[in-house]
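Remarks on the structure that follows.
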């Protein structure tokens, strides 16, 4: 089945190489067979010929990511986001029109339409997810400064502390204690963290690394009843006491 369909699709590409739909068809057949490299090759050939639409760029980015090519994935997703912003500006609609379009679409699918407020929340969530995906690609590609910049954009859109925590961890790994401290604080303030005690421990360590021992002790004290982090907090509190004792003895 797939072999004959693949051969036919290749023949169509050879006969009409400037028809973007032929390249898309070939890519789809490759994907149905889990031939991801071949699918990407087909789409990239069409992309270099200028035959693909804006929507195809996102799939190219996804395939690069799937094939462990994070830098290429990041560049393609960044291109898609840039184009998306341009299209949104050109085709900007008022909330009433968006709601009317949603009602029409929902009616055709037999679903309950979303309100304008629900559509706005959905759009913000999608934007946030895409920015975090882009940041993750740059992080995997070891382009750390670019990743930090993209995650900072995502953090400004995130009502929860999840993205701030990610930024805090990235800065912590780079031993940028002041920046890590800033984002761990934001993460705790925004909340909705899976393990807030661990975040507080990391915040305390940021203070410790900056020799702000009183603030570090304050954070560790808040963890004295934590099931997971009480022992670690007590360990670091004890280190602070020893440092203070040495300073007092030498002072």
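The values are calculated or read from the model by the stated rules, or taken from the named source; none is laboratory data. For clarity, every value in this text was computed on a predicted model and none was experimentally measured. Virtual Cβ from ideal backbone geometry, glycine too; neighbours counted across all protein chains shown.
Could you go through segment 196-208 and let me know if any residue there is exposed (fewer than 12 other Cβ atoms within 10 Å of the Cβ), at pLDDT 95 or above and more than 30 Å from residue 79 (Cα to Cα). Looking through segment 196-208, none of the residues is exposed (fewer than 12 other Cβ atoms within 10 Å of the Cβ), at pLDDT 95 or above and more than 30 Å from residue 79 (Cα to Cα). Criterion applied to 153, 219 was being over 30 Å from residue 59 (Cα atoms) and surrounded by 14 or more Cβ atoms within 10 Å (Cβ to Cβ), and the one residue passing it is 219. Return yes when residue 234 is surrounded by fewer than 18 Cβ atoms within 10 Å (Cβ to Cβ), assigned to a helix (DSSP H, G or I) and in contact with a helix residue (DSSP H, G or I) (Cβ under 8 Å, 6 or more places away or on another chain) and no when it is not. For residue 234, the condition - surrounded by fewer than 18 Cβ atoms within 10 Å (Cβ to Cβ), assigned to a helix (DSSP H, G or I) and in contact with a helix residue (DSSP H, G or I) (Cβ under 8 Å, 6 or more places away or on another chain) - is met.
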